[in-house]
Amino acid sequence: MKHKKIISLAVVSGLLLCGIYAYLGGFNAVSFELVNCQDIELIGLEYQGTPQDEGIGSIFQKVEAERKGSPLYTIYYVEPSGRRDTLHVFVGVEVENNINNLDEGWVKKTFDCQRAIRASLEMHQLVMPGANSVKQQISDFAKAEGVNPKGHFIDKIISRNSVEVLAPIAD
C-alpha cells in the first residue's frame, strides 16, 4: 500500500516537473541558420577577473543602465571553467543607442560580419543550454554547411527568454 502511494507521488511529481520544464520552453530546440549581416559596432565595458567578484555585476549594471530597451551584447574572450578561474568578457550595446557622458573605461568595438551562423534560443534562461553546448552545436552546424566560424561568438541578449548567438564566418 505504501509503495503505491510513493510510486503515485513520484509519477505526479515527475509529470509536474515535465510540465513546468515545457512551460519554460525547455523542450524548444535551438534553431540555426546562415544569415547575411553587417559589421557590428558596440560600445561597452570589459571585465577581467573571477566570476564571483562583485566587479562583474557592476559592469552589467552600468551597461544595463544605458541599454534603453535595446539588446545587450556579451563577448566572452576567456570563459572560466570554475568559480576561481579568470574571466574576460565585453558587455555592450549597439552604438546607435546615443549614449552620452560615459565614464572612463567605455570602449568602442567593431566586429566584422558579412555572413554569420545565427543560433536562436527561445526559452527561459533557467532552461537554456549552456554556452559550451551551444558552441558545440554551432560548430556541428558549421561543419554540415561547409563554413568556418572566425572563432568568436557574440551573444545578443534580447530578453530573459530570447537570446541569439552570432558566429561570424571567415571568408
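Every read-out reported here was derived from the displayed coordinates using simple, explicitly stated rules and does not represent laboratory data. Worth saying up front: this structure is predicted, and the values here are computed from it rather than measured. Backbone-built Cβ (ideal geometry, glycine too); neighbour counts: all protein chains shown.
Dipole of the chain computed with +1 at Lys/Arg Cβ and -1 at Asp/Glu Cβ about the Cα centre; of Ile7, Ser120, Leu34, farthest Cα towards the positive end is Ile7. Counting every other Cβ atom within 10 Å of each residue's Cβ, Tyr23, Tyr73, Tyr47 order from fewest to most as Tyr23, Tyr47, Tyr73. Amide H contacts under 5 Å for Thr50: Leu87, restricted to partners 5 or more places along the chain or on a different chain, H placed in the peptide plane at 1.01 Å from N.
By the Stokes-Einstein formula, at 0.692 mPa s and 37 °C, the chain with its Kirkwood radius over alpha-carbon pairs has D equal to 181 µm²/s. Candidate membrane-span-like segments in the chain, meaning DSSP H helices with Cα atoms spread over at least 30 Å of their own axis and a Kyte-Doolittle mean of 0.5 or above, are 2-23, with no membrane implied. When the chain is described by a simple charge dipole with +1 on each Lys and Arg Cβ and -1 on each Asp and Glu Cβ, the residue from Ala170, Ile158, Tyr77 located farthest towards its positive end is Ile158.
Per residue of the chain, what 222 nm ellipticity follows from adding -39500 (n - 2.57) for every DSSP H run with n ≥ 4, rounded to the nearest 500? List each step's numbers first, then the result.
Working: 3 runs with 51 residues, N = 171.
That calculation yields -10000 deg cm²/dmol at 222 nm.
Roughly how many debye, to the nearest 20, is the charge dipole of the chain about its Cα centre, given +1 on each Lys and Arg Cβ, -1 on each Asp and Glu Cβ, and no other charges?
Working: 17 positive and 21 negative charges, 224 e Å.
The dipole of the chain has a size of about 1080 debye.
Other residues within the sphere of radius under 10 Å centred on the Cβ of Trp106, judged by their own Cβ, net out at -2 (K and R +1, D and E -1).
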